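Let me give you the structure first, and then I'll get to my questions.
Read-outs throughout are calculated quantities, based only on the coordinates presented, and are distinct from any laboratory measurement. All figures in this text were calculated on a predicted structure; none of them were measured in a lab. Cβ: placed from backbone, ideal geometry, glycine included. Neighbour counts: every protein chain shown.
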Ligand SMILES: Cc1cc2nc3c(=O)[nH]c(=O)nc-3n(C[C@H](O)[C@H](O)[C@H](O)COP(=O)(O)O)c2cc1C
C-alpha cells in the first residue's frame with residue numbers, strides 16, 4: 001500500500017516470555033515483517049527496545065545475522081533500516097554494522113533510548129541520548145563511509161541540532177522528544193532554520209553538508 005507521504009514500518013520483538021528463545025524471537029519478527037511486506041515505504045528492524053522481556057538478544061552479531069537472513073528471504077524492494085541502541089560499545093557497533101552490510105541493510109538509525117542513567121530502570125530519551133547518538137554517528141560515518149544511509153535520532157530539539165547531525169554524517173534526522181516539549185510546529189521550524197544555516201555556510205544543497213565536520 002502506498003501513501004501520499006513516506007510511511008515507515010517499525011518491527012520489534014513482542015514483549016513477552018514466549019519470544020525470548022532465539023527461534024521464537026525470529027519467528028515473531030518474521031510474522032510482523034511479512035504482514036507489512038507490501039505496506040509503507042521502508043522497514044525498520046528495531047533491535048534496541050530497552051524494556052523488552054529478555055533484553056536485546058540481537059545485539060549479538062551471530063543472532064542478528066540469523067534474524068536478517070530469515071527476513072531477507074521475505075524482502076521485497078523496500079529499504080531496510082536497523083535501529084540501534086546508544087548503549088553499544090564500539091566493538092558491538094562495528095560487529096553489528098559488519099553483519100548489517102553483509103545482509104544488505106540500507107540504513108542505520110542511531111539511536112534508541114538509553115538505559116545508562118541513574119533514574120531507575122526505564123529507557124531515557126532526549127538530551128540523555130545525544131552524546132552517544134552523536135559519537136556512534138561519527139564512528140559509523142567514518143568507519144563505514146558510504147555503506148549505509150545514517151539516520152540520526154536522540155536529542156534533536158532544533159535546527160542547530162539537526163544541522164550538527166547532518167554535518168557529522170547523517171542523511172536523515174528523526175525526533176520524538178523534541179516534538180513532545182516543543183509541539184508539532186517544531187518540524188517546520190527546524191526545516192526553516194536548517195535552510196538558513198545552510199545558506200549562511202554557503203551551501204546550495206543540504207547533501208553538500210553531510211559529513212562536513214568529519
Ligand atoms: C514514550 C516513548 C516510546 C518509544 N517507543 C519506541 C518504539 O516503540 N520503537 C522505537 O523504535 N523507538 C521508540 N522510542 C524511541 C524513540 O523513537 C527515539 O529513538 C528516542 O526517544 C530518541 O529520540 P528523541 O530524543 O528524539 O526522543 C520511544 C521513545 C519514547 C520517549
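Counting pairs of alpha carbon atoms under 8 Å apart in space and at least six apart in sequence, what relative contact order in percent does the chain give? It would help to have the intermediate numbers written out before the result.
Numbers: 374 pairs, mean separation 30.8, N = 214.
Dividing the mean separation by the residue count of the chain yields 14 percent.
Here is a further query. To test your reading of the geometry: what angle, between 0 and 90 degrees and rounded to tens, separates the Cα axis of helix 186-200 from the longest principal axis of the chain?
With both axes taken from Cα atoms, the answer is about 50 degrees.
Restricting to bridges with both residues inside the chain, how much of the DSSP beta-bridge set is antiparallel, in percent to the nearest 5?
Numbers: 1 of 20 bridges.
Given both bridge residues lie in the chain, the antiparallel proportion sits at roughly 5 percent.
Based on the alpha-carbon gyration tensor of the range 38-81 and its eigenvalue square roots a ≥ b ≥ c, which shape applies: rounded if a/c is under 1.5, prolate if not and a/b is larger than b/c, or oblate? Could you put the intermediate results ahead of the total?
On the way: a/c = 2.92, a/b = 1.56, b/c = 1.87.
In terms of gyration-tensor shape, oblate.
Same structure again: Per-residue ellipticity at 222 nm for the chain, helices alone: DSSP H runs ≥ 4 residues times -39500 (n - 2.57), over residue total, nearest 500 deg cm²/dmol? Show your work: numbers first, answer last.
Working: 7 runs with 83 residues, N = 214.
-12000 deg cm²/dmol, from helical runs alone.
If you line up the long axis of helix 130-143 against the longest principal axis of the chain, both from Cα atoms, how many degrees apart are they, to the nearest 10?
80
Oh, and also: Pull out a ≥ b ≥ c, the square roots of the eigenvalues of the alpha-carbon gyration tensor of the range 80-194, then state rounded if a/c is under 1.5, prolate if not and a/b is larger than b/c, and oblate in the remaining case. Intermediate values should be presented prior to the final figure.
Numbers: a/c = 2.11, a/b = 1.28, b/c = 1.65.
Oblate is the answer for the range 80-194, as a/c is 1.5 or above yet b/c matches or exceeds a/b.
Another question about this same structure. Taking the beta-carbon count within 10 Å as an exposure proxy, list 214, 186 from fewest neighbours to most.
Lowest count first: 214, 186.
Sticking with this one: Calculate the FRET efficiency for residue 149 and residue 32 from the Cβ-Cβ distance with a Förster distance of 22 Å, rounded to the nearest 0.05. List each step's numbers first, then the result.
Working: r = 22 Å, r/R0 = 1.01.
Efficiency, rounded to the nearest 0.05: 0.50.
Also: Mind giving me the FRET efficiency for residue 42 and residue 127? R0 is 30 Å, r the Cβ-Cβ distance, nearest 0.05 is fine.
Working: r = 27 Å, r/R0 = 0.90.
With R0 = 30 Å, the Cβ-Cβ based efficiency is 0.65.
Please state the relative contact order of the range 113-214 as a whole percent: Cα pairs under 8 Å, 6+ residues apart?
Values: 146 pairs, mean separation 26.3, N = 102.
That works out to 26 percent.
Residue 5 to residue 62: extension gain in nm, 0.36 nm per residue of separation minus the Cα-Cα distance?
Values: separation 57, 0.36 × 57 = 20.52 nm, distance 3.54 nm.
Taking residue 5 through residue 62 to full extension adds about 17.0 nm, to one decimal.
Please rank 16, 49, 153, fewest neighbouring Cβ atoms within 10 Å first, as an exposure proxy.
Values: 16 12, 49 17, 153 24.
Result, fewest neighbours first: 16, 49, 153.
Something else about it: Relative to the longest principal axis of the C-alpha atoms of the chain, give the angle of the C-alpha long axis of helix 61-72, reported between 0 and 90° and rounded to the nearest 10°.
It works out to around 90 degrees.
Okay, next question. Calculate the FRET efficiency for residue 118 and residue 74 from the Cβ-Cβ distance with a Förster distance of 41 Å, rounded to the nearest 0.05.
0.50
What number, in percent, do you get for the relative contact order of the range 45-139 if the mean sequence gap of Cα pairs under 8 Å and at least 6 apart is divided by its residue count? Show your work: numbers first, answer last.
Values: 122 pairs, mean separation 29.5, N = 95.
This gives 31 percent for the range 45-139.
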